[in-house]
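Below you'll find the structure, written out as structure tokens, and then a few comments.
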Amino acid sequence: MYQDLAYQKVQDIMLNSDSVASAAEAHGVLSGLLCLNGQTDCDQWLEAVFGEARIHLDSTDHALLFALCETTRHQLDDFDFSFELLLPEDVRPLSERANALGEWCQGFLYGLGYRSDGADWPGDSTEVLHDILEISRLTPDSGGESDEVAYAEITEYVRVGVQLIRSELHQQPSSRLH
């Protein structure tokens, strides 16, 4: 995981800043932006998530968010499958984790500027993006053992799918992003 970048620490920043986004959604936005452009400046992400309120972040919160940005950038750049979604810890209720996964997917689609209008995405990206869109619409129902397994499988699918999208976008000519 992110060494000192626990979900709850980022979530506390989001709540204390009166952001409408959750930590999961904010990380999804960041991941989408970085998939499109690995050189995205961290301030661009903070502006997308916080708007003008970003200037009111204290230095500790700002540093933690910058560390999250850089860690995520390195994980996506390395193509070594070290990339992880920023989601609540496994000890949290399944409904909370599933809701956060949906928010993460919504943020990712926002960061990509994804529209489900059939835009031409490279390779398998179109199918993965459609699946991520469907996952963003899921509502958690129960919390049995089979649901835990399904959650783990869906989370892994999203994690690997994001890396596939990043890889396919970076194999495209720079003139076409979506």
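The values are calculated or read from the model by the stated rules, or taken from the named source; none is laboratory data. All values derive from a computational prediction rather than experimental measurement. Ideal geometry is used to build each Cβ from the backbone, glycine not excepted, and the neighbour counts take in all protein chains shown.
The residue pairs whose first member lies in the stretch 26-54 and is free of Cβ contacts under 8 Å to residues at least 24 places away in the same chain and among the aliphatic types (A, V, I, L, M), whose second member is surrounded by fewer than 19 Cβ atoms within 10 Å (Cβ to Cβ) and in a helix (DSSP H, G or I), and whose beta carbons are closer than 9 Å, counting only pairs six or more residues apart or on different chains, are Leu46/Arg54; Leu46/His62; Leu46/Phe66.
For (1) surrounded by fewer than 13 Cβ atoms within 10 Å (Cβ to Cβ); (2) under 26 Å from Ile154 (Cα atoms), each residue gets a yes or a no:
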site	(1), (2)
Asn16	yes, no
Ser19	no, no
Glu25	no, yes
Ser31	no, yes
Ala67	no, no
Glu70	yes, yes
Ser82	yes, yes
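Here's the yes/no breakdown for (1) among the aromatic types (Phe, Trp, Tyr); (2) modelled with pLDDT of 95 or more; (3) out of contact with any strand residue (DSSP E or B) (no Cβ under 9 Å at 6 or more places or on another chain):
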| position | (1), (2), (3) |
| --- | --- |
| Leu86 | no, yes, yes |
| Pro93 | no, no, yes |
| Glu103 | no, yes, yes |
| Tyr114 | yes, no, yes |
